[in-house]
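Report on the following structure.
The values are calculated or read from the model by the stated rules, or taken from the named source; none is laboratory data. Quantities reported herein were computed from a predicted structural model and do not represent experimental measurements. All Cβ positions, even for glycine, are placed from backbone atoms using ideal geometry, and neighbour counts span all protein chains on display. Just the protein is used for accessible areas: all its heavy atoms, side chains included, with ligands, DNA and RNA removed. Shrake-Rupley method; radii C 1.70, N 1.55, O 1.52, S 1.80 Å.
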Amino acid sequence: MTEAAKKLPRIEINAKFCKGCSICVDFCPTNVLEIRGTIVAVKDLEACTRCQLCDLRCPDFAIQVFD
Amino acid sequence: MSTDAKPAKKQKLSVPFDYSKYLRKDKLPHIWCPGCGHGIILKALLRAVDKVGLEKDDICMVSGIGCSSRTPGYVDFNTLHTLHGRAPSFATGIKLTNPELNVIVTTGDGDALAIGGNHFIHTCRRNIDMTILVYSNAIYGMTGGQFSPTTPIGSFTHTSSYGAMEPPFDTCEMAKAAGATFVARATSYHVQDLEKTLKAAIEHKGTSVVEILDECPVYFGRLNKMRSASQMMEKIEKEGTVSVKQAENLSPEEIGGRLLRGILHHDTETAEYCDQYAALTERAQGK
Ligand SMILES: Cc1ncc(C[n+]2csc(CCOP(=O)(O)OP(=O)(O)O)c2C)c(N)n1
Ligand code: SF4
Ligand code: SF4
Ligand code: SF4
């Protein structure tokens, strides 16, 4: 399977709910996320392992990772 | 399915939990500050409730006053927001008159252990079936950062400008000594353990107390030179605790000042209060 065909996860961010606390950014094991302006953004989707830790530790119902 | 050569663990199936069915969506976003651990606890609690398989109407969530006590406002259960420190006593009345309800109390270290200390210990003493979650951030968040009965010696708050002088309570030891039959400690950093502990606490019949170390970045963090919520989670919750399992292989010196995390006490023998009350009623009626 080529890299291009690899199925990437979909990271859904609720911009209205995210308070930019950076917990998800700081504890993402593969450094997928970053704070851009005042809220979270995806920096490197390919590195995402779908571990769900960002969602589990987000205090604000603001981030979810789908297949 | 991917046949990618990459290790299987990289392609784990990802199905996020659907929180919305348990929430009062019109009340969100919640009022808690950026990085406040209370939201992490709320989410773990909803996952635990789902795993136990409870119906929304079978739950009554009760709270006192404080940021932590805002929790019931966001959930689509039966809910009651009561007086400062008195949630366990309101909850006792609810449980005794509706023993079929699953009663969950959300409270803060100030609410439960300062103004509510008496209500807390007497609820534990009766071993009435309910789950008490103490959101333990070592400060009064809602009123602007005063020290609480769990503030560690030397910590700075707005009422301990030279470092807190009084020794803190050990919430779990106190709950156990008072008679609670399920006592555990968890953190908002160790989220998966938190969810499992809350599930076990809800399933236990009798008074369950779970102290959850979480973070108030706005007051405790800022006043104690921790710049972010993540830094607090790292220092206080991760480095400041050791699991019961890890502790088995460590000497007291190696454990040092770290707090134990996990289920600390689980007694399934002691009679539960509502059962005892029903038996007493039958006796009194000469049945
Ligand atoms: C009878 C009474 N006394 C004092 C207060 C003021 N008060 C409101 S919340 C609070 C402390 C809350 O601290 P805690 O329970 O630790 O919750 P947190 O806000 O940190 O989650 C106090 C003293 C009050 N509301 N009612
Ligand atoms: S699912 Fe895991 S790897 Fe992907 S962004 Fe979230 S924390 Fe990072
Ligand atoms: S943890 Fe949640 S609220 Fe905080 S930055 Fe990430 S998505 Fe936003
Ligand atoms: S004041 Fe502290 S406890 Fe209250 S919501 Fe803000 S961070 Fe949380």
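Structural remarks
- Coordinate range along principal axes, alpha carbons of the protein assembly as shown, Å, largest first: 79, 53, 46
- The residues neighbouring residue A:15, those whose beta-carbon lies less than 12 Å from its own, together hold a net charge of +1 under the Lys/Arg +1, Asp/Glu -1 convention.
- For peptides B:48-54, B:261-267, sequence by mean Cβ density within 10 Å, most packed first: B:261-267, B:48-54
- Take the Kirkwood radius over Cα pairs of region B:221-272, plug it into Stokes-Einstein at 37 °C and 0.692 mPa s, and you get 249 µm²/s for translational diffusion.
- Seen from a random direction on average, the alpha-carbon convex hull of region A:3-66 projects onto 4.1 square nanometres.
- Computed on the Cα trace of region B:29-284, the radius of gyration divided by the Kirkwood hydrodynamic radius gives Rg/Rh = 0.96.
- Amide hydrogen proximity for residue B:187: with H placed 1.01 Å from N in the peptide plane, the residues at 5 or more positions away or on another chain lying under 5 Å are B:194, B:213.
- Partner lysines for residue B:27 [C-alpha distance under 28 Å; skip if fewer than 8 residues away on the same chain]: A:16, A:19, B:43, B:51, B:56, B:95, B:196, B:199
- Take the accessible area of B alone and of A alone, subtract that of the pair with a 1.4 Å probe, and the total buried over both chains is about 2700 Å².
- Distance between region B:150-212 and region B:95-123 - C-alpha centres, whole angstrom: 14
- For residue B:137, the residues 5 or more places off, or on other chains, whose built amide H falls under 5 Å of its own are B:109, B:214.
- For the options B:185, B:222, B:86, a Gaussian network treatment of chain B with springs between C-alpha atoms closer than 10 Å singles out B:222 as fluctuating the most.
- Residue (of B:65, B:88, B:137) at the positive-pole extreme of region B:63-181, dipole from beta-carbon charges: B:88
- Computed packing ranks the peptides B:137-148, B:89-100, B:108-119 as B:108-119, B:137-148, B:89-100, most packed first, by mean other Cβ atoms within 10 Å.
- Along each principal axis, Cα extent of region B:136-185, largest first, Å: 37, 22, 15
- Computed 3J(HN,Hα) for region B:204-220, one whole-Hz value per residue from the Karplus formula 6.51 cos²θ - 1.76 cosθ + 1.60 where θ = phi - 60°, is 5, 9, x, 6, 10, 10, 10, 8, 10, 6, 9, 10, 10, x, 5, 10, 4, glycine and proline marked x.
- Looking at region B:99-205, the DSSP beta bridges with both ends there are about 40 percent antiparallel.
- Here the sum of -39500 (n - 2.57) over DSSP H runs of 4 or more residues, divided by the residues of the protein assembly as shown, equals -7000 deg cm²/dmol at 222 nm, to the nearest 500.
- Across chain B, the relative contact order, built from alpha-carbon pairs under 8 Å that are at least six residues apart, equals 17 percent.
- Carbon/sulfur fraction of accessible area - chain B, other protein chains in place, 1.4 Å, %: 54
- Region B:64-124: radius of gyration and largest Cα-Cα distance (Dmax), Å: 11.0, 30
- Measuring heavy-atom accessible area with a 1.4 angstrom probe and counting protein chains only, the residues of region A:29-67 that give up at least 30 Å² relative to the chain alone are A:49, A:50, A:52, A:55, A:56, A:57, A:59, A:61, A:64, A:67.
- Lys, Arg +1 and Asp, Glu -1 on Cβ, resulting dipole of chain A about Cα centre, debye, nearest 20: 120
- Share of Cα-Cα pairs in region B:111-208 lying beyond 17 Å, as whole percent: 55
- Here's the picture: charge each Lys and Arg Cβ at +1 and each Asp and Glu Cβ at -1 in region B:230-273, and of B:243, B:230, B:265 the one pushed furthest to the positive end of that dipole is B:230.
- Among B:123, B:16, B:101 the positive-end extreme of the charge dipole of region B:1-131 (Cβ point charges): B:16
- Accessible surface, chain B, averaged per residue in Å² (probe 1.4 Å): 47
- Dipole magnitude for chain B: about 700 debye, using +1 per Lys or Arg Cβ and -1 per Asp or Glu Cβ, origin at the Cα centre.
- Neighbours of residue B:150, meaning other residues whose beta-carbon lies under 11 angstrom from its beta-carbon, give a summed charge of -4 when Lys and Arg score +1 and Asp and Glu score -1.
- Scanning chain B for DSSP H helices at least 20 Å long along the axis (C-alpha atoms) with a Kyte-Doolittle mean no lower than 0.0 picks out B:38-52.
- Each peptide in B:250-259, B:23-32 was scored by the mean count of other Cβ atoms within 10 Å over its residues; highest first, the order is B:23-32, B:250-259.
- Of all accessible heavy-atom area on region A:3-66, the percent that carbon and sulfur account for (1.4 Å): 55
- Dipole magnitude of the protein assembly as shown, debye to nearest 20 (Cβ charges: Lys/Arg +1, Asp/Glu -1, about Cα centre): 720
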